[in-house]
Structures are given as structure tokens and as C-alpha cells.
Amino acid sequence: MCHTIKTLFRDFGVNPTVYELDQIPARHGAANDFPVVFIGGNLVGGANEIMTLHLNGSLSGMLKRAGALWL
């Protein structure tokens, strides 16, 4: 699902900062709630929350308010 969220943001024209936790040697915990998405420094949630925001039309507004989307 992480690939789907990255692709969605890039399709919007957003250049997300992505931390690939599976490529970091020292990880703590075993949480399965990935991706964890922050927009404008605020925790939005995971893939389900992002897709819900996209489908109800509020994701683009959130990205604009955060300065991540210029259109």
C-alpha cells in the first residue's frame, strides 16, 4: 500500500519526503500500520485515511493548505 500512496501523491504533483523504514537497519517495534502519513507536520493516518480523504475530495485541500500542492 505504501507504493499506492506514494504514487497518489506524485500524481497530485506532490514531492513527498519518504522514509523507507524497511531499509533502515536499526528499527524498533513491529508495527504493521504503514504507511504513516503526515501532512503539514500533522499526523493524518495510514493508507485507509489517505484514500478516504482522496475519495471524498478533501485530500487536495489539505495538501494545498500545507503548501505541498500549488494548484
Complete set of residues in the range 53-71 that are more than 13 Å from L8 (Cα to Cα) and open to solvent by 70 Å² or more (accessible area, probe 1.4 Å): N56, K64, R65, W70, L71
By residue number, the members of the range 35-52 that are open to solvent by less than 30 Å² (accessible area, probe 1.4 Å) and either in a helix (DSSP H, G or I) or touching a Lys or Arg at 6+ places or on another chain (Cβ under 6 Å) (or both) are A47, I50
Failed item, numbered, when R10 is tested on (1) open to solvent by 100 Å² or more (accessible area, probe 1.4 Å); (2) touching a Pro at 6+ places or on another chain (Cβ under 9 Å); (3) at pLDDT below 90: (3)
May I ask you to list the residues in the range 56-71 that are in a loop (DSSP other than H, G, I, E, B) and either in contact with a helix residue (DSSP H, G or I) (Cβ under 7 Å, 6 or more places away or on another chain) or free of Cβ contacts under 8 Å to residues at least 12 places away in the same chain (or both)? N56, G57, S58, L69
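The values are calculated or read from the model by the stated rules, or taken from the named source; none is laboratory data. These numbers come from a predicted model, not from an experiment. Glycine also receives a Cβ, built like all others from the backbone with ideal geometry; neighbour counts cover every protein chain displayed. Heavy atoms of the whole protein, side chains included, go into the accessibility calculation; ligands, DNA and RNA do not. Shrake-Rupley method; radii C 1.70, N 1.55, O 1.52, S 1.80 Å.
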